[in-house]
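Worksheet for the structure shown next.
Values in this text are rule-based calculations from the coordinates and carry no lab data. As the structure is a computational prediction, the values presented were derived from the model and not from experiment. Counting neighbours? That spans all protein chains shown, and the Cβs are built from the backbone with ideal geometry, glycine included.
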Amino acid sequence: MKHELTCIVCPRGCRIQVWEEEGVHRCEGNQCIRGEVYAIQEVTEPRRMFTSTVQLNGSQLKRCPVVSSSAIKKTDVFKVVDILENVVLEAPVFLNQVVIKNILESGIDIIASRSIKKDAEASD
Ligand code: SF4
């Protein structure tokens, strides 16, 4: 079966066809190796950068934005959402602070994507 997808690695947006031939994935339409790597991963184990928010205490902001340190498997997205529902951070929070280390034993951390001061420090 041939898959057709648009490469999202760079703005050129090449249309790439991917298919399997005798156990090997082959690509056509990509203009560079990065597109081939992306396309094969997309049909074998698609991944996405994960962004969300978690509950935050000690600040006027009630949620803190978080991001994965690298792309997680699409099949893990809802598991990560469930885990983050039970996370409560205390302000202050610092940019890139690790919120959950090695989530789902993936080697990927969930980190804060901004700094947030405590209420008392907010008027500094
Ligand atoms: S295949 Fe290469 S040139 Fe084409 S969109 Fe992907 S990264 Fe860009």
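Structure summary
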| item | result |
| --- | --- |
| Residue pairs, from the table Lys73/Lys118; Lys74/Lys117; Lys2/Lys73, whose Cα atoms sit over 30 Å apart | Lys73/Lys118; Lys74/Lys117 |
| Length added when fully stretched, Ile33-Ser106, from 0.36 nm per residue minus Cα-Cα | 23.8 nm |
| Label point 7 Å beyond Cα of Ile83 along Cβ direction - residues of the stretch 26-63 with amide nitrogen under 14 Å | 50-52 |
| Value of [θ]222 nm, deg cm²/dmol, for the chain, DSSP H segments ≥ 4, -39500 (n - 2.57) each, nearest 500 | -5000 deg cm²/dmol |
| Radius 12 Å from Cβ of Cys64, net charge of other residues (Lys, Arg +1; Asp, Glu -1) | +3 |
| Estimated vicinal HN-Hα couplings, Hz - the stretch 57-67 in sequence order (Karplus 6.51, -1.76, 1.60; Gly, Pro = x) | 10, x, 9, 5, 6, 8, 9, 10, x, 10, 8 |
| For the stretch 11-22, Karplus couplings with θ = phi - 60° (6.51, -1.76, 1.60), whole Hz, Gly/Pro x | x, 4, x, 4, 8, 10, 9, 10, 8, 10, 9, 6 |
| Dipole of the chain, positive end: most advanced residue of Pro46, Ser70, Ile116 [Cβ charges, Cα centre] | Ile116 |
